[in-house]
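The block underneath contains the structure these notes are about, expressed in structure tokens.
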Amino acid sequence: MSDRGKIITIYVVVAILSVAVLGTSLWLRESRKRRFTPIADKVGADVAEDFGRLEKDLVLTNQEGKEVKLSALRDKVWVATNFFATCPYCLQTASEDLKALYAEFSEDPAFHMVSISIDPESDQLEQLRDYARVMEADSSNWWFLRGEEKAVHEYLEKEMGFMKVVKNKVPPAKNPFSHDRGLLVYNGWKCVKKRDLQFARTQGERVKDYYFQDVRKSILKSLADRGASASTNP
């Protein structure tokens, strides 16, 4: 084959590979869009979801310095998140989404919220109390928790199903941790919903509102189910 023929062959191969890469990229983008862009008119439709159950207990310390067990929430409908106090995304989710859920459901004695710190070295009791104060949270039904770092990280990942917490090098990273900013809804020890409201916020108001309403629906249904169960089993 002449040099010219070799050059033409190389260009053809490069062109084919470029088309393949572009096609794959477009397919992945559309696939992700289909996955994360729900149809707004489906809000309120019945959804049967089961994200697993907790098998092991965990003892942590709340913002008042009291030891608490997650097993104390077996008879509750509760929302769980993980955070660290200096994370701006955690603060946005807490101040907008979690605070709104708390305002709506906090007077129901069957409802509870749990925010678990992934950075207990920095998030001492003072930081947890300050965070709770900003959220206008009562320690009777919204716990801000800390514990031994390794045990907490393992429990979040292996027991609750959050993505693995990764420590970043600061700098170059702006935040000391990469972590799952999802929100879990539990009915007792059964997880019935997981939504990432922070991600949804980046997809536009329509998607964010859908995710938030989906979380509300799960809480409302779980509270109704628990109330019905209590009335039939006094």
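The values are calculated or read from the model by the stated rules, or taken from the named source; none is laboratory data. Quick caveat, the model's predicted, so the values are computed rather than measured. Here the Cβ is made from the backbone with ideal geometry for all residues, glycine too, and neighbour counts use every protein chain on show.
Evaluate the following for SER122: is it hydroxyl-bearing (Ser, Thr, Tyr) and in a loop (DSSP other than H, G, I, E, B)? So SER122 passes the test. For segment 125-147, filtering for residues that are exposed (fewer than 13 other Cβ atoms within 10 Å of the Cβ) and in a loop (DSSP other than H, G, I, E, B) leaves 3. The residue of segment 166-181 that is modelled with the lowest pLDDT, among those that are more than 22 Å from ARG201 (Cα to Cα) and outside any loop (DSSP other than H, G, I, E, B), is LYS167. Could you tell me whether VAL79 is crowded, with 20+ Cβ neighbours inside 10 Å and hydrophobic (A, V, I, L, M, F, W, C)? Criteria met by VAL79.
Looking at segment 217-231, can you tell me whether even one residue there is surrounded by 17 or more Cβ atoms within 10 Å (Cβ to Cβ) and part of a loop (DSSP other than H, G, I, E, B)? No, segment 217-231 contains no residue that is surrounded by 17 or more Cβ atoms within 10 Å (Cβ to Cβ) and part of a loop (DSSP other than H, G, I, E, B).
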